[in-house]
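Accompanying notes for the structure given below.
Readers should treat all values here as calculations from the given coordinates under stated rules, not as data from a laboratory. Keep in mind that this is a model prediction, so the values were computed, not measured. With ideal geometry, Cβ positions are generated from the backbone for all residues, glycine too; neighbour counts draw on all protein chains shown.
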Amino acid sequence: MKPLTIIASALPEAPVSEAAAPQGNGLTEMLAGWLPESVPFWGLTLMASGLAFGVIMAFVSVVAMFSTWLERKVAGHIQIRLGPMRVGGWHGWAQAIADGVKLLIKEDIILASADRPLFKLAPALVLGTAISTFVVLPFAPGVMIADVHLGIFFVIAISSVTTIGVIMAGWGSNNKWSVYGAMREAAQVASYEIPLGLSLMPPVIYYGSFSLLEATQAQSGWFGMHWYILDPSVMLVSVPSFVLFFVATLAETKRAPFDLPESESELVAGFHTEYSGIRFSFFFMEEYAAMFVMSAIATVLWFGGWNFLGLAALEGIPVLYTTACMLVFIVKSMLLVFVMMWVRWTLPRLRIDQVMILGYKYLTPLCLIVVFAASLLEYLRFVLSN
Amino acid sequence: MEEPPQTTPPDQHRLREIELDVRTQDVEINMGPQHPATHGVLRVLLRADGEILVGAESHLGYLHRCAEKIGENVDYIQYMPYTDRYDYLSSMNNNLSYSLAVEKLLGVEVPKRGQYLRTILAELNRIASHLVAVGTYGIDIGAFTPFFYALREREFLLDLFEKICGARLTYSYIRPGGVMNDAPAGWLNKVAEFCDIFDQKWPEYWNLLVQNKIFIERTANVGVMPAQTAIDWGCTGPMLRGSGVDWDLRRDQPYLVYDQLDFKVIVGEGYRGTLGDCFDRNFVRMYEMLESIKMVRQCLAAIEEGEVSHPDVSLTIRPAPGEAYVGIENPRGELGHYVVSDGTKIAKRMRCRAPSFVNLSVVEHTLPGCMLADAAAIIGATDIVIGETDR
C-alpha cells in the first residue's frame, strides 16, 4: 500500500494516477503553504487529519440527517401517509435537525447494571468505523481523502469492525433481548461477509485493481457511460454480481428484510434497546452512514462512480466540474439508498435460520459461480483482444 | 454453578452438557408485558436454548378489570358499555352476544329491520377486526406497510360506525331489545359503496402481504396445530377453522338472519404448508372478510323499512328468574354470555366465555420447538386481544 494521499478538492488538476501522485500529503502541503515555517511536520499532519476528520464528520452527519428525513418520507409515501410535514416548512425538511437536537438534550441513561466501559465505548466504536470507511470514497476527481490501493478491501475490513461494537453494546446493556440482537448480528454479519466479499470480485477482476479511484477512472469511456454494469461484454456477470452484492449489503447493514439484530417486533429494539439520547443516535447515524458507504461502493464499482453522460464536457471549468461530479456521485449513491428504503418498507423480515440458509446455501455458491464466470470471461476477453 | 432461579419447577429446568464440558443453561426471558409482539399486556415467559424455544408459559391478568363481577352489580343496561371493552376491536359483536343473551332471558324477538341492521353491523365489524388482525400480523412478521393499507379501509368502516352511533370504537349500539336507532338516511348506500371499494382493495393485501414469498416462508409450517388439538383445547373461530375443522356458529347455531344468508364457511386448506399452521389462520381471516362482504350485500338487498327495536324492552330490565347462554361467532371465535337472573334488575351471575382467552391457552403448547421469531408469528396468528383475555 502506498502512503495515504490526501488531495485537496481545490486542486482538480491534481495528478491522480499512482505514478504521478505527490509523495507527501496534499492537504499537509497545502497547510504548509499557508502556515509559517516554524510549524513542525507532525503538527501539519495532525492538523490535516483533524481537518479531514471534521469534513467527513460533517458529511456523515448531513448524510445521516438527510437519510433519516428521506427514510421517513419514503416510508410515509409508501404507507399512504405524508411523513414529516411541519418542522421547517417545506415537507418537514428540518425534522431531522429537530430530532438531532432532541436526542442531544435527552437524558443519557446508563443502567446501573450495565457494563459501563463497554456500554459507553460501543456507540463510539460503531460510529467511528462507519466514518473511517468514508476515507476511501472517490467523490470527484481530486476530492478523495485517501487513495488507498486496497480501497475495497479497506471498506470491507473496517465495516466488519462495526459488529464488535454491536456485540459490545448488546453485552454491555445487560439485557437479554440486547444479547439476542448482538448474537444475531454476529452470526449474520459473519456469514454475509463471504458473499459480500465474493460479489465484489467480478468488478475487481474486470478493473484489475482494488483501488476505487482506478475503478472510477476505468469507467470514463463512452462519454461517461462506460459503466461496468452497462458494458455488454461483461453484462453476464456484472448484473448478477450486483444483485448478489446488493442482497449481501442489506444483510451487512442490518436493513430489512435482514434487520434481525434490531427486529422490533421480536427483540423490542435489539442491541440498542437500552440506549437513549445521543448514544442511541450514534447507532442511528452508523446505520445510515453504512448504507451510504455500501451504496457508494456499488456506485463506484458498477455504476461508474462520478462518470455520467457528457460530464467530461465541463472539464474545462474546474470548480463546476468537481461540483457536478460530486453531485452525480452522491445522487447515484442516494438512489441506491432509496432502493434499500423501498425494500425495507415492502418486505417482511426473514427468520434467523432462513437468513443463514440464504447466505450459505444460495448466496455463497452463486457468488462462487459468478466469480468463476467472471474469471473465465476476463480470460476470453484477454485472448480475443490479443 | 448457581442454583437455577426458582420460578419454574426444577425438572423443567434443563441443564445440558455439550462438547468440552461446557455446561449450557437455557435462557429465561420475559416476552412482555411490555413487548411489541404480544399485542398488549400479555407476558409470556419463554425458555430458550439460543434461538430455539424449549418452553413457554403465559401470564395473564395485567388488564383484569373485573368485568364479570361488575356485571353482577349493575343494571342490565348499565353493563352494556362494559361489553364494548372486552374485545375493543369487535365491540359490535360483543354487544350482540350480550343483547342476545338478555333477550333470550326476556323472551323477546327483535323486529326484522333491527335484525338485519345487527347482521350488517356485526359483519362490518368483523371486517374491521380482521383488517387489524391481518395488518398487525404483517407487523409481527416485519412488514409494516400492509397495516396502513388495512387501516385505510378500517377508517372507512369506523366512519360508517360513527355515522350510525356516534362512536368509533366502543359503540354500545346493539342493545337488548334491538339497536340504538335506525340507520341515518343514505347510510345503507354508503355501506354498499364500501362493499365495492373493499372488493377492489382486498387483492392489495393478498398480493402485498399474503402472497409474499418471505411471508409464506415465515408462516407456513409454523405453529402447526392439528384439528384434534384445536378441538381439545376448545379453540374457536379462525384458530379452529384454520386447523381444518368446519365449525361456524353462524351456520351451525344460526342467530339473527344468518340462516337466510348464503355464505361459505372458510376452512384452512394447508394452502402453502401443513394444515393448521399460522398461514392457514391468516388465510381464513383473509377470506372471511370477502364472505362478510357477501353477507352484507345480501342483507342490503333484503332489508325492509320498519321498527328496529322491540317496544316492550325498557331501560330497566327485570327478566323472570332463569338463565340463558348465547354464543355467537365473534371475529375471534365463540363469544358467549351466560346470564342468570333472580328476577331483580341486577343479574345474579354474569359470565363471559371469551374466545381470546381460550385460544391463548393453546399457544404455550405450540411454542416449544419453534424459534424465537416464531413466537411473534404464533402469538400474532392467534390474534388475541388482551382486553378480552383478562376482561
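Look at A:V247 and say whether it is in contact (Cβ under 8 Å) with a residue 40 or more places away in the chain, within 14 Å of another protein chain (Cβ to nearest Cβ) and closer than 23 Å to A:F329 by Cα. The answer is yes for A:V247.
Rundown of residues vs (1) within 14 Å of chain A (Cβ to nearest Cβ); (2) touching a Phe, Trp or Tyr at 6+ places or on another chain (Cβ under 8 Å); (3) not in a loop (DSSP other than H, G, I, E, B), yes/no style:
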position	(1), (2), (3)
B:R113	no, no, yes
B:I127	no, yes, yes
B:K163	no, yes, yes
B:L169	no, yes, no
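Within the range A:292-303, is even one residue buried (at least 22 other Cβ atoms within 10 Å of the Cβ) and not in a helix (DSSP H, G or I)? Yes - at least one qualifying residue is present in the range A:292-303. If the condition is being closer than 20 Å to B:Q115 by Cβ, among the charged types (D, E, K, R) and assigned to a loop (DSSP other than H, G, I, E, B), then the range B:295-336 contributes B:E304, B:E305, B:E307, B:D312.
Conditions tested, residue by residue: (1) within 23 Å of B:S356 (Cβ to Cβ); (2) more than 14 Å from chain A (Cβ to nearest Cβ); (3) among the aliphatic types (A, V, I, L, M); (4) surrounded by fewer than 20 Cβ atoms within 10 Å (Cβ to Cβ).
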site: B:L151; (1), (2), (3), (4): yes, no, yes, yes
site: B:E155; (1), (2), (3), (4): no, no, no, yes
site: B:G177; (1), (2), (3), (4): no, yes, no, no
site: B:D182; (1), (2), (3), (4): no, yes, no, yes
site: B:D196; (1), (2), (3), (4): no, yes, no, yes
site: B:Y205; (1), (2), (3), (4): yes, no, no, no
site: B:E217; (1), (2), (3), (4): no, no, no, no
site: B:M225; (1), (2), (3), (4): yes, yes, yes, no
site: B:A230; (1), (2), (3), (4): yes, yes, yes, no
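In this structure, does A:F283 turn out to be more than 14 Å from every other protein chain (Cβ to nearest Cβ), surrounded by 21 or more Cβ atoms within 10 Å (Cβ to Cβ) and in a helix (DSSP H, G or I)? Considered against the rule, which asks whether it is more than 14 Å from every other protein chain (Cβ to nearest Cβ), surrounded by 21 or more Cβ atoms within 10 Å (Cβ to Cβ) and in a helix (DSSP H, G or I), A:F283 comes out as yes.
Going through (1) within 30 Å of B:N359 (Cβ to Cβ); (2) touching a helix residue (DSSP H, G or I) at 6+ places or on another chain (Cβ under 7 Å) one by one, B:S309 falls short only on (1). The set of residues from the range A:333-379 being away from every other protein chain (no Cβ under 14 Å) and either on the phi > 0 side of the Ramachandran plot or of a type in the set (F, W, Y) (or both) comprises A:F338, A:Y360, A:F372, A:Y379. The condition (being touching an Asp or Glu at 6+ places or on another chain (Cβ under 9 Å), at negative phi and free of Cβ contacts under 8 Å to residues at least 60 places away in the same chain) is satisfied by just one residue among A:M30, A:M65, A:M47: A:M65.
Would you check if B:G71 is under 26 Å from B:K163 (Cα atoms) and not aromatic (F, W, Y)? Answer is no for this residue.
Every residue, every condition in (1) surrounded by fewer than 21 Cβ atoms within 10 Å (Cβ to Cβ); (2) in contact with a helix residue (DSSP H, G or I) (Cβ under 7 Å, 6 or more places away or on another chain); (3) more than 24 Å from B:Y86 (Cβ to Cβ), yes or no:
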position: B:R297; (1), (2), (3): yes, yes, yes
position: B:P319; (1), (2), (3): no, yes, no
position: B:L372; (1), (2), (3): no, yes, yes
position: B:I386; (1), (2), (3): no, no, no
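Contact map, the range A:104-121: first residue free of Cβ contacts under 8 Å to residues at least 40 places away in the same chain, second residue surrounded by 12 or more Cβ atoms within 10 Å (Cβ to Cβ) and not basic (K, R), Cβ cut-off under 7 Å, separation 6 or more or different chains; pairs are A:I110/A:F119. Number of residues in the range B:329-359 that are over 18 Å from B:N73 (Cβ atoms) and either surrounded by 24 or more Cβ atoms within 10 Å (Cβ to Cβ) or hydroxyl-bearing (S, T, Y) (or both): the value is 10. Entry remark, the range B:259-283: residues being in a helix (DSSP H, G or I) and surrounded by fewer than 22 Cβ atoms within 10 Å (Cβ to Cβ) number 2 in total.
Pairs linking a residue in the range A:201-213 that is farther than 19 Å from A:F139 by Cα to a residue that is polar (S, T, N, Q), with Cβ atoms under 8 Å and 6 or more positions apart or on different chains, are A:M201/A:S241; A:P202/A:S238; A:P202/A:S241; A:I205/A:S375; A:Y206/A:S238. Quick one: is A:L309 within 14 Å of chain B (Cβ to nearest Cβ) and not in a helix (DSSP H, G or I)? Answer is no for this residue.
Condition check for B:R251 on (1) surrounded by 15 or more Cβ atoms within 10 Å (Cβ to Cβ); (2) away from chain A (no Cβ under 14 Å); (3) touching a residue at least 40 places away in the same chain (Cβ under 8 Å): one failure, at (3). Quick one: is A:M294 under 16 Å from the mean Cα position of the chain (by Cα) and within 14 Å of another protein chain (Cβ to nearest Cβ)? In short, no.
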